[in-house]
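Dumping the structure here so I can ask a few things about it.
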Amino acid sequence: MFIIGELINGMYKEAGRAIREKDKSVIQRLAKRQKEAGADALDLNCGPVSKDPVLDMRWLIETVQEVVDMPLSLDSTKANVIEEGLKLVKNKAIINSTSADSEKLEILVPLAIKYNASLIGLTLDKNGVPQDKDRRLELAARIVADCQEKGFPVENLYIDPVVLPVNVAQNQAGLVLEVLKEFKIISTPAPKTIVGLSNISQGTTKRRLINRTFLSMAIAADLDAAILDPLDEELMNTLITSELILNKQIYCDSYLDAYRKR
Amino acid sequence: MAMELVKEKWLNAINKVTIGSTAEEGGSRTKVVTLGGEETLPFLHAEGALPYKPVIAYEVWDTPARDWPEGLSSVYGKVLNEPFAWAKICVEEYKAELLCVRLVGAHPDVENRSVEEEADFIEKIRKSCGVPLIVVGCGDTTKDNALLPVCSQVLKGEHCLIGSVTQDNYKTITASCLADGHNIIAESPIDVNIAKQLNILISDMGMPLERIVIDPTVGALGYGFEYAYSIMERSRLAALAGDKMLAMPFICFVGQESWRAKEARTAEDQHPEWGAVLERGIIWEAVTAAGFLQAGADILVMRHPKAVEIVQKNIEELMGK
């Protein structure tokens, strides 16, 4: 499972303040702790209230790269923020994200090719998030086809079915789990699959329990990657155990430690 | 159109383990042996690097090997009663690259030799031959816990391979090997889960993963060979796919298992249709060893020089030399 740590996001109080005040120590601590807890990559998001997102994104990348050398996921809806960021990323970059709208694909797919980055494709478009499985599949196929046309390797594409809060759209979570498997039959090689996990529990009172339950179900549905909070130890234990049950690592009594010593 | 072979891309390689150290490195060996480093399954040269060839270690005991069958003991003759002459023949005549010294005589049921006697013996072995050494205890847990730390100290700086430790008994010997700079044999009972667990336990004590060799416990042809093979294969596949806690070279005690088989021991008059007893044992040992090479064995501990010769030739062919 490819784990993208979600904690460096201006939407969160601590990171938001650090970005505003350019407090490197907070961001660098978040980067190191997420890496130690098992993150394979870090998501960087300036947050919705950033006055100068290009500047903030540059600062985040430089700040994080001073302490860790790992893939960075540039999380922005603005193409120029992503491109300015891509210029600075030393390790591998992940573009987070494009929708299935052609205006977005026209810009972001070539950028991913130019900078040899991975790309996250959300199955939504101008009409919003689909409420059914077929529409999600159709949008995913559109993104895959566009990548193939432009010569972007589909194995570097992560399709995100867009997880909705379970307390708002309770019928959607089951559909998302089903469609995760179906994304795999769109093409050969298949695109990878990813979810932004925390969305599932937005606004609920049992956030961590809901997150880890959904994660283990999604792993059983062939999920390849997730954007999540790696500092949630029970969540990480659930992830490791789910992979164990699917025979993705060899059991031993200390399998949790063994995974963390990878 | 020419058919193209499908090549597997692996994420991880097997650790490189070095046995022995020369005078420059603080030891007294005339050369060192490096093994492991495989980037793919055995002998698939097109898929990844296989930097070191599997190595055969000759077994030498501290005490006469009385229960060895005639097919085996006849080749060594009287030297089986004289460990230093035995070691000398292995190194000089049979060109052994590694010696595996077994302290059988220390076992309470054999000669119950004292720790001091064995330490003295090991010191003499160290001085009398220059090849890198594997040192294996007598198999009695209590005795080995007293014996092996002392041997480890006597051999300090020689970068030996010492064993074995098990899941229930690893702390004392691991601590000694760690302090004296040796590699360690981690033995598990044909069980990949325990092999992995033991590696974690040993590494938790501070032992670098690059100094651990797995003894998966093997059986001879006809005596659990396939079971051991499949465990080694599963372990190696997991290691290559990224499991660092299983990415260790294997040591296989082939001689000990093969010469226990009734096919290697039974006299000709009992089973005339089985052919000459002198040849049977050799073939049993060679075939068992050749099989484990295909499962990923890095060190084969063997007994009969003729069997070694056959397997050596097999290794050379498989390594493309």
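The values are calculated or read from the model by the stated rules, or taken from the named source; none is laboratory data. Owing to the predicted nature of the structure, the values given are computational and were not obtained by experimental measurement. Reconstructed Cβ throughout: ideal geometry from the backbone, glycine too, with neighbour counts over all protein chains shown. The area values use the complete protein model at the heavy-atom level, side chains included, leaving out ligands, DNA and RNA. Shrake-Rupley method; radii C 1.70, N 1.55, O 1.52, S 1.80 Å.
Condition check ((1) in contact with a helix residue (DSSP H, G or I) (Cβ under 9 Å, 6 or more places away or on another chain); (2) at pLDDT 95 or above; (3) within 30 Å of A:E106 (Cα to Cα)) across all residues:
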residue	(1), (2), (3)
A:E14	yes, no, no
A:I27	yes, yes, no
A:G47	yes, no, yes
A:W59	yes, yes, yes
A:N80	yes, yes, yes
A:E83	yes, yes, yes
A:L86	yes, yes, yes
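Could you check how many residues of segment A:155-176 are of a type in the set (A, V, I, L, M) and open to solvent by less than 10 Å² (accessible area, probe 1.4 Å)? Before you say what the answer is, go through the steps one by one.
Looking only at segment A:155-176, we keep the residues that are of a type in the set (A, V, I, L, M), and these are A:157, A:159, A:162-164, A:166, A:168-169, A:173, A:175-176.
Narrowing the set further to residues that are open to solvent by less than 10 Å² (accessible area, probe 1.4 Å) leaves A:157, A:159, A:163, A:176.
So the answer is 4.
Ok, one more. Could you please give the count of residues in segment A:177-198 that are in a helix (DSSP H, G or I) and open to solvent by 60 Å² or more (accessible area, probe 1.4 Å)? Spell out the reasoning first.
Filtering segment A:177-198 for residues in a helix (DSSP H, G or I) gives A:177-183, A:197-198.
Subset that is open to solvent by 60 Å² or more (accessible area, probe 1.4 Å): A:178, A:181.
The total comes to 2.
Right, next: It is to be established whether one or more residues within segment B:135-143 are more than 14 Å from chain A (Cβ to nearest Cβ), touching a helix residue (DSSP H, G or I) at 6+ places or on another chain (Cβ under 9 Å) and acidic (D, E).
Yes, some residue in segment B:135-143 is more than 14 Å from chain A (Cβ to nearest Cβ), touching a helix residue (DSSP H, G or I) at 6+ places or on another chain (Cβ under 9 Å) and acidic (D, E).
For segment A:214-244, enumerate the residues that are farther than 25 Å from A:I94 by Cα and within 14 Å of another protein chain (Cβ to nearest Cβ).
Hit for segment A:214-244 is A:L244, nothing else.
Another question, then. Any residue in segment B:306-320 that is of a type outside the set (K, R) and in contact with a Cys (Cβ under 9 Å, 6 or more places away or on another chain)?
Step one: filter segment B:306-320 for residues of a type outside the set (K, R), giving B:307-312, B:314-320.
If we keep only those that are in contact with a Cys (Cβ under 9 Å, 6 or more places away or on another chain) too, we end up with none.
No, segment B:306-320 contains no residue that is of a type outside the set (K, R) and in contact with a Cys (Cβ under 9 Å, 6 or more places away or on another chain).
Identify, from the list B:K156, B:K171, the residue that is out of contact with any Phe, Trp or Tyr (no Cβ under 6 Å at 6 or more places or on another chain), in contact (Cβ under 8 Å) with a residue 24 or more places away in the chain, under 15 Å from B:I19 (Cα atoms) and open to solvent by 10 Å² or more (accessible area, probe 1.4 Å). Talk me through it step by step, then tell me what you get.
Working: B:K171 fails: under 15 Å from B:I19 (Cα atoms).
Just a single option satisfies the conditions, and that option is B:K156.
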